[in-house]
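The values are calculated or read from the model by the stated rules, or taken from the named source; none is laboratory data. Note that this is a predicted model, so its numbers are computed, not measured. Cβ: placed from backbone, ideal geometry, glycine included. Neighbour counts: every protein chain shown. SASA here: full protein model, heavy atoms, side chains in, ligands and nucleic acids out. Shrake-Rupley method; radii C 1.70, N 1.55, O 1.52, S 1.80 Å.
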There are 2 protein chains.
Amino acid sequence: MAKKKKKLKIIPLGGMGEIGKNITVFEYDEDMFVVDCGVAFPEDDMLGIDLVIPDVTYITKNYEKVRGIVVTHGHEDHIGALPYILKDLKVPVYGTRLTLGLLEQKLEEHGISKNVDLRVVKPSDVINLGCFKVEFIRSTHSIADSVALAIHTPVGTVVHTGDFKIDYTPIEGQPMDLARLAELGNKGVLLLMSDSTNVERPGYTMSERTVGETFEEIFMNARKRIIIATFASNVHRIQQVVNAAIKFNRKIAICGRSMINVAKVAMNLGYLNMPEGMLIDIDQISKYPDERLVIITTGSQGEPMSALARMASGDHKKVDIVPGDLVIISASPIPGNEKTISKVVNDLFRKGAEVIYESLADIHVSGHASQEELKLIYSLIKPKFFIPVHGEFRHLKRHANLVNELGMPSENIFIMDIGKVIELTEDSARINGSVTAGKVLVDGLGVGDVGNIVLRDRKHLSQDGLIVIVITIEGDTGNVVAGPDIISRGFVYVRESEDLIEEIKEITRQALQKCENKRKNDWSTKKSIIRDALRDYLYEKTKRRPMILPIIMEV
Amino acid sequence: MAKKKKKLKIIPLGGMGEIGKNITVFEYDEDMFVVDCGVAFPEDDMLGIDLVIPDVTYITKNYEKVRGIVVTHGHEDHIGALPYILKDLKVPVYGTRLTLGLLEQKLEEHGISKNVDLRVVKPSDVINLGCFKVEFIRSTHSIADSVALAIHTPVGTVVHTGDFKIDYTPIEGQPMDLARLAELGNKGVLLLMSDSTNVERPGYTMSERTVGETFEEIFMNARKRIIIATFASNVHRIQQVVNAAIKFNRKIAICGRSMINVAKVAMNLGYLNMPEGMLIDIDQISKYPDERLVIITTGSQGEPMSALARMASGDHKKVDIVPGDLVIISASPIPGNEKTISKVVNDLFRKGAEVIYESLADIHVSGHASQEELKLIYSLIKPKFFIPVHGEFRHLKRHANLVNELGMPSENIFIMDIGKVIELTEDSARINGSVTAGKVLVDGLGVGDVGNIVLRDRKHLSQDGLIVIVITIEGDTGNVVAGPDIISRGFVYVRESEDLIEEIKEITRQALQKCENKRKNDWSTKKSIIRDALRDYLYEKTKRRPMILPIIMEV
């Protein structure tokens, strides 16, 4: 019998058919490594949830095989879940300097930075992870120091783009290493895994540098304070604000915890540069005239607790918005945040600020490649097989269509789902089986302790509130000795609904009487009879369905 | 002493500094009338709320002055609150045929159509409402039969645009009556109140007709079923689907309650025309080949219970999406709906449908005027005073800026807020005082019975759930005779948190012991000591803040 041929397995555990929590496992024989490990934002129906992280059961079950974790850049959706995962998984983490600098800060917040083996790499470095050689390739994205990966495996080379755009004029450092990608393409690439985030956008994504030009124009005409909100991690954007401030002789103050944290790391590592004495403490702003000040802040998504939202609503301790302030929101709304941003903009206008936001000027560019860039990368790599990554199903599907139009046969394109396993040899690829994958919900200190039943109850409570009915019954006789007492929250004002409350008591009593023939201590039957009677009555009366909690105490 | 000069009062009770629930009161001496009376969607923090309607206390308090209600068009945000208001307010309602046709259907659903005096008007009609003459002016918008108003008052003429765009090639009927607006402008207009919805968009809004051209192209190339989702009220859009279906020999089936309702009214009144035998019942679709079918459906906003969302998730009773189906979402996302639409698009793609949605083709145009159209109307009317209407604060502010750039002095422009009163004479205008105004929340059958405390409780419950602690105490002795029993919902799984539950019981017992020195029947002190102790413990342990409900029963 011929020995079974070994295959490369690639298993996305997140980031497929969804935005965020990007993580992919590469496995061959006894070796395994992981690319990225990010968080996702909770969906609208995940009430009270702080974060969503990937289910990494498959990785922890194969602990002894895991040779390391490779991270492509420092965004939350690529590194944010590592503090949770690295508590149980003691393996080295490889990434570029800024990426690991940001990760280290995160690990410190979680109190585990001492226990993690962080290994800094540079673009063009190649590391060995078991049978894999992982090559880091300089890339460009909305965060500095991002990389693509060429993963050299026993069955061929896999190129994973990470998140990228093709920026020929990046703010610092060099453009994406297209030459190396072309070289890899010429040598032959088995599989390309490419970022699908912006596949719906025709044309090219503009260079980050264009934003700087807009900033200069705005700064030139500004006569009062300038307040700029952007993503904390967009170090290049912040550098451009700094550059404009230098040119127009303004001091910089920084607001918002994550902005301060990232700026600190980026300055320490040399990714954010400003002249001595330019950065002032936010407490000092009153000492400078308005036309000499720029405040860089978090809150570009209108997050209710962010510095900008608090300034807009008048709740910020250090910054009061006054008429004449110029506020620039240098970001696009992440889908779902349109209304919170709109609220902040309205509040700022009400306070007399001038506000420059989306679509009013070129104050933001995306960090992801548009269609023509995706075509370019594909054409340089000329892979045998293709997997679109990072996106909802529609993005993956449209990326598949785009590559199909470029000549890739449909049967060589694989739209994956999390947990699905694709097996590759030198000349074949097929989806074969699946492993555990999914969402783990983080709520406060709890990781994974909130599941569907808890969420369903929160949803129910959020819609119509609840009614608690308490009755104390004498165990021996079955007689009611106290109650029914009614407590209601989130349903109706009890004080304004005395008749309703009396009715509820009466219906409870009637329901109890109905049960008298039943076994007198069968509390669960009694409770469900009370619950049913009240549910019908309340829906009839109010067309609402509060949660009904009958409690029977026995004395 | 000179007799005090009478003034025209204009009081917006909704639609200012907010999207939706448009309603404005016009008052002069002993006469009053109302323009529009719409609903708004609940905001994100109004958990469980179905609808928001305006607080019309000021109108009901002045019942004897109210000469009538005038409605400009049949959209929900202009007529949707009338069924609630007209229960108490017996005054005639004036509007065009389609507008009142749609309103009548609504009143029937609320069981009050018999009691309401609906009076149909045509464009160019003038009605007398006390000292006011209200003239209806043909307009164009994303619903047929919309009008602007010229309100002739003792102090001058007020032009209210209603919602509008300037469509030179509307689908049916004639373009907006610009000639009459120009004539009014030449005679002199005291005040212009103009739609601000699209003030952020440069240029012109495209004609509705351009969508029909796109439909024809799409229909020409389609080989299977076509499913089109759009707003039920957009009769012109539906007519264009019908026209394309006629041209390419397809039958029409209609899906979704509101779509069926509106189509019925529009067909009865002659606003929607199709050849005999073209409309088929949704139950009959299996009898026709795919390439002979168009299904028009609700759900263009991805509403979870809508027909399209149910088709996408496989829950629709009559329509199964199959590979090859072409789905067109002919609408823009209303801010806040991006994620629900995205979910529907993903689900449709997963089922193998082709989906054409926003930004992929010219399959939707707005119903509201862009900047150049707003300038045109302003320039024709040349009013003495200006009030931007219909929009959030930022829209009103930008509309004010736009008109200011056209030469109107800032002091003649008034950004209003709901409840604020503006008083006008022939040559003056000033904001003077305010009246009751606000939001009334509709939840099930309850109108106004859910307020801030109930909403705050729903919010609290939605985030971290609740814990109920029940103890039965002997009144005479103060001894605990049953409990503490713990019930938790939306907090943690009780079964997986037995230790935590035991801890909660123990802390409750300790808290009770601490109270022993207090008056033994002071339940409220006891409850608050239990609540405080548990709150601190649970936050320390879980970083969550469930609602804590201690209940003490006395026997």
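Let's see if you can work this out: charge +1 on each Lys and Arg Cβ, -1 on each Asp and Glu Cβ, no other charges. What is the dipole magnitude of the range B:465-554 about its Cα centre, in debye to the nearest 20?
For the range B:465-554, the charge dipole is close to 420 debye.
Taking every pair of distinct Cα atoms and averaging 1/r, then inverting, what Kirkwood hydrodynamic radius in Å comes out for the protein assembly as shown?
Computed over the protein assembly as shown, the radius equals 33.0 Å.
Which residues of the range B:541-555 end up with at least 40 Å² less accessible area in the presence of all protein chains than when their chain stands alone, using a 1.4 Å probe?
B:LYS543, B:ARG544, B:LEU549, B:ILE551, B:MET553, B:VAL555
Could you pull out the GluC sites (Glu not before Pro) across the range A:4-112 that fall in loop regions by DSSP (anything but H, G, I, E, B) with no more than 12 other Cβ atoms inside 10 Å?
Answer by residue number: A:GLU30.
Round to the nearest 10 and give me the degree value, 0 to 90, for the angle of helix B:257-268's Cα axis relative to the longest principal axis of chain B.
20
Evaluated at 37 °C with a viscosity of 0.692 mPa s, what Stokes-Einstein diffusion coefficient in µm²/s does the range B:99-208 have when Rh comes from the Kirkwood expression over alpha-carbon pairs?
210
Once R0 is set to 51 Å, what does the formula 1/(1 + (r/R0)^6) return for the Cβ-Cβ distance between B:LYS318 and A:GLU372, expressed as a FRET efficiency to the nearest 0.05?
0.75
Rg and Dmax of the range B:1-74, using alpha carbons, in Å: what are they?
According to the Cα coordinates of the range B:1-74, Rg and Dmax are 15.1, 56 Å.
Quantify, in whole percent, the carbon and sulfur part of the accessible surface of the range B:77-176 (1.4 Å probe; protein heavy atoms only).
C and S fraction of accessible area: 45 percent.
Could you sort the residues of the range A:377-394 by number and keep only those whose accessible area is reduced by 50 Å² or more in the all-protein-chain setting relative to the chain alone, 1.4 Å probe?
A:PHE393, A:ARG394
At a Förster radius of 45 Å, what calculated FRET efficiency corresponds to the Cβ-Cβ distance of B:GLU43 and A:GLU426, to the nearest 0.05?
Efficiency computed from Cβ-Cβ geometry: 0.20.
Before I look further, what does the range B:465-554 give for accessible area per residue, probe 1.4 Å, in whole square angstrom?
So the range B:465-554 comes to 51 Å² accessible per residue, rounded to a whole number.
Against the longest principal axis of chain A, how steep is helix A:452-464, in degrees 0 to 90 to the nearest 10, with axes from Cα atoms?
70
If the reach is capped at under 18 angstrom between alpha carbons, list the lysines near A:LYS9, excluding any in the same chain fewer than eight residues apart.
Straight-distance partners of A:LYS9: A:LYS61, A:LYS65, A:LYS133, A:LYS384, A:LYS420.
Given H placed on each backbone N at 1.01 Å, which residues far from A:LYS7 in sequence or on other chains put an amide H within less than 5 Å of it?
Those lying under 5 Å, H to H, from A:LYS7 are A:ASP29.
Using a 1.4 Å probe on protein heavy atoms only, how many Å² of accessible area do B and A hide from each other, summed over both chains and rounded to 100?
Chain pair B/A: roughly 5500 Å² of buried accessible area.
Please work out the FRET efficiency for the pair A:ARG545 and A:GLN510, using the Cβ-Cβ distance as r and a Förster radius of 35 Å; give the result to the nearest 0.05.
With a Förster radius of 35 Å, E is 0.95.
Before I look further, what does the range B:210-356 give for accessible area per residue, probe 1.4 Å, in whole square angstrom?
42
Check each of the trypsin sites (Lys or Arg not before Pro) in the range B:428-504 and keep only those in coil by DSSP with at most 12 other C-beta atoms within 10 angstrom; list them in order.
Loop-located and lightly packed - B:ARG495.
Going 7 Å from Cα along the Cα-Cβ axis for the label, what nanometre distances separate B:GLY352 from the same residue across the other copies?
Listed shortest first, these distances are 6.4 nm.
In debye to the nearest 20, how big a dipole does the range B:118-259 give about its Cα centre with +1 on each Lys and Arg Cβ and -1 on each Asp and Glu Cβ?
Magnitude of the dipole: close to 640 debye.
What nm distances, shortest first, do you get from the label point of A:ASN432 to those in the other copies when the point sits 7 angstrom along Cα to Cβ?
Ordered by increasing distance: 8.6 nm.
How far is helix A:235-247 tilted off the main Cα axis of chain A, in degrees rounded to 10, range 0 to 90?
70
Quick check: the distance between the Cα centres of the range B:252-267 and the range B:157-180, to the nearest angstrom?
One Cα centre to the other: 26 Å.
With a cut-off of 13 Å, note down the residues of the range A:66-110 whose backbone N falls inside the zone around a label point 7 Å from the Cα of A:ARG257 toward its beta carbon.
Within reach of a label on A:ARG257, which here means backbone N under 13 Å from a point 7 Å along Cα→Cβ, the range A:66-110 contributes A:106, A:109-110.
Measuring from the lowest to the highest alpha carbon on each principal axis, how far does the range A:236-362 reach, largest first, in angstroms?
Each principal axis gives a Cα extent; for the range A:236-362 these are 39, 31, 27 Å.
May I ask for the distance between the Cα centers of the range A:380-404 and the range A:74-128, given as a whole number of Å?
Taking the Cα centre of each part, the range A:380-404 and the range A:74-128 sit 28 Å apart.
Mind giving me the nanometre distance, one decimal, between the label points for B:ASP290 and B:ASN249, set 7 Å out from Cα along Cα→Cβ?
Output for this residue pair reads 1.9 nm.
Can you give me the distance in nm between label points at A:LYS339 and A:LEU406, each placed 7 Å from the Cα along the Cα-to-Cβ direction?
With each label point 7 Å from Cα toward Cβ, the separation is 3.9 nm.
What list of ³J(HN,Hα) values in whole Hz, one per residue of the range B:131-141 in order, does the Karplus curve 6.51 cos²θ - 1.76 cosθ + 1.60 (θ = phi - 60°) give from phi, with Gly and Pro shown as x?
7, 8, 10, 10, 10, 8, 10, 4, 9, 10, 7
Taking a point 7 Å out from Cα toward Cβ as the label site, list the nm distances between B:ASN221 and the same residue in every other copy, smallest first.
Nearest first, the other copies' label points are 4.1 nm away.
Only helical DSSP H runs with n ≥ 4 go in: add -39500 (n - 2.57) per run for chain B, normalise by residue count and round the 222 nm mean residue ellipticity to 500 deg cm²/dmol.
My calculation for chain B gives -9000 deg cm²/dmol from helical runs alone.
Could I have the simple spin-label model distance between A:ASN268 and B:ARG456, label points 7 Å from Cα toward Cβ, reported in nm to one decimal?
Placing both labels 7 Å along Cα→Cβ, they lie 4.2 nm apart.
Quick one: which bits of the range A:440-456 get at least 50 Å² less accessible when the partner protein chains are in, versus the chain alone, with a 1.4 Å probe?
Those residues are A:LEU445, A:ASP449, A:VAL454.
Starting from the Kirkwood Rh over alpha-carbon pairs, what translational D in µm² s⁻¹ does chain A have by Stokes-Einstein at 20 °C and 1.002 mPa s?
80
When only DSSP loop residues count, what trypsin sites (Lys or Arg not before Pro) in the range A:254-324 have their Cβ near at most 12 other Cβ atoms within 10 Å?
The qualifying sites are A:LYS317.
Residues in the range A:138-169, backbone N under 13 Å from the label point at A:THR210 (7 Å along the Cα-to-beta-carbon vector): list them, ranges by number please.
It comes to A:166-169, nothing else.
About the Cα centre of the protein assembly as shown, how large is the charge dipole given +1 on each Lys and Arg Cβ and -1 on each Asp and Glu Cβ? Please answer in debye to the nearest 20.
Dipole about the Cα centre, nearest 20: 40 debye.
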